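The structure under discussion appears below in the form of structure tokens.
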Amino acid sequence: NAGVTQTPKFRILKIGQSMTLQCTQDMNHNYMYWYRQDPGMGLKLIYYSVGAGITDKGEVPNGYNVSRSTTEDFPLRLELAAPSQTSVYFCASSYPGTSGLDEQFFGPGTRLTVL
Amino acid sequence: AQSVSQHNHHVILSEAASLELGCNYSYGGTVNLFWYVQYPGQHLQLLLKYFSGDPLVKGIKGFEAEFIKSKFSFNLRKPSVQWSDTAEYFCAAYHGSSNTGKLIFGQGTTLQVKP
């Protein structure tokens, strides 16, 4: 299994540009997540999905959109890039086991810079 | 609001020193607890987790954590650190009443081990 894969690894955007961060998992996990990581701030949840066709906002959703048309894919869309969106973005997935939630598996991240 | 606090933001140790990183969570009900590690330039990996049972949990690479319900704490320990333990460490909690699988992360602790 490849686990959770993300593309691209690095990207530089100009203010106002748009882009889609791709995330794919091959573990047949129902739950998928997008986080952003800023220095000293830990991980903040942007959006999450509990299954295909179901998405919901996390802690910091403004400026982002998501879709979940398949179990495997959970792309994150930035419509009008702003410098405040400069960050490292991590995608994760998990499977809700009998204890409610097991560990989340993380992708390698996308480092995005908006200039 | 539910929260996870890590009190040590930056820790510097010499090799062979003992390590304890603090983690407190705010929720009083059923809680699943995790410690993740992020080595430089890499994605988050699970160190250990606690769902129930023995409050002393052993993880990979010689790490352990103790769940103390009365103190709402889940501190991470290692008797003797190595240079290769240099990384950022995140405590995270999943509150059992949630059916969304949303993890709450602490701010992270950067550990620097001097050879």
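The values are calculated or read from the model by the stated rules, or taken from the named source; none is laboratory data. For clarity, every value in this text was computed on a predicted model and none was experimentally measured. Please note: Cβ atoms are built from the backbone with ideal geometry, for glycine as well, and neighbour counts cover all protein chains shown. Only protein heavy atoms, including side chains, enter the accessible area calculation; ligands, DNA and RNA are left aside. Shrake-Rupley method; radii C 1.70, N 1.55, O 1.52, S 1.80 Å.
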Selected residue (criterion: surrounded by the fewest Cβ atoms within 10 Å (Cβ to Cβ)) from residues of the range A:39-61 that are under 18 Å from A:GLN25 (Cβ atoms) and small (Gly, Ala, Ser)
A:GLY53
When B:HIS95 is evaluated against the numbered criteria (1) closer than 30 Å to A:GLN6 by Cα; (2) at pLDDT 95 or above; (3) in contact with a Gly (Cβ under 8 Å, 6 or more places away or on another chain), which criterion, by number, is the only one it fails?
(2)
How many of the residues making up the range A:1-42 are touching a residue at least 60 places away in the same chain (Cβ under 8 Å), hydrophobic (A, V, I, L, M, F, W, C), farther than 13 Å from A:THR113 by Cβ and not in a strand (DSSP E or B)?
1
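What strands (runs of 3 or more DSSP E), lying completely within the range B:1-67, carry at least 3 residues that are of a type in the set (Phe, Trp, Tyr), open to solvent by less than 30 Å² (accessible area, probe 1.4 Å) and within 14 Å of chain A (Cβ to nearest Cβ)? Let's see the steps before the verdict.
Working: elements: B:10-14, B:19-21, B:31-38, B:45-50, B:56-58.
So the answer is B:31-38.
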Within the range A:16-47, work out how many residues are more than 9 Å from every other protein chain (Cβ to nearest Cβ), under 11 Å from the mean Cα position of the chain (by Cα) and under 15 Å from A:SER84 (Cα atoms).
2
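Residues in the range A:71-94 that are under 24 Å from B:SER52 (Cα atoms) and either modelled with pLDDT of 95 or more or within 9 Å of chain B (Cβ to nearest Cβ) (or both): how many? Spell out how you get there, then give the answer.
Keep residues of the range A:71-94 that are under 24 Å from B:SER52 (Cα atoms), which gives A:92-94.
Adding the requirement that they be either modelled with pLDDT of 95 or more or within 9 Å of chain B (Cβ to nearest Cβ) (or both) leaves A:92, A:94.
Summing the residues that are under 24 Å from B:SER52 (Cα atoms) and either modelled with pLDDT of 95 or more or within 9 Å of chain B (Cβ to nearest Cβ) (or both) in the range A:71-94 gives 2.
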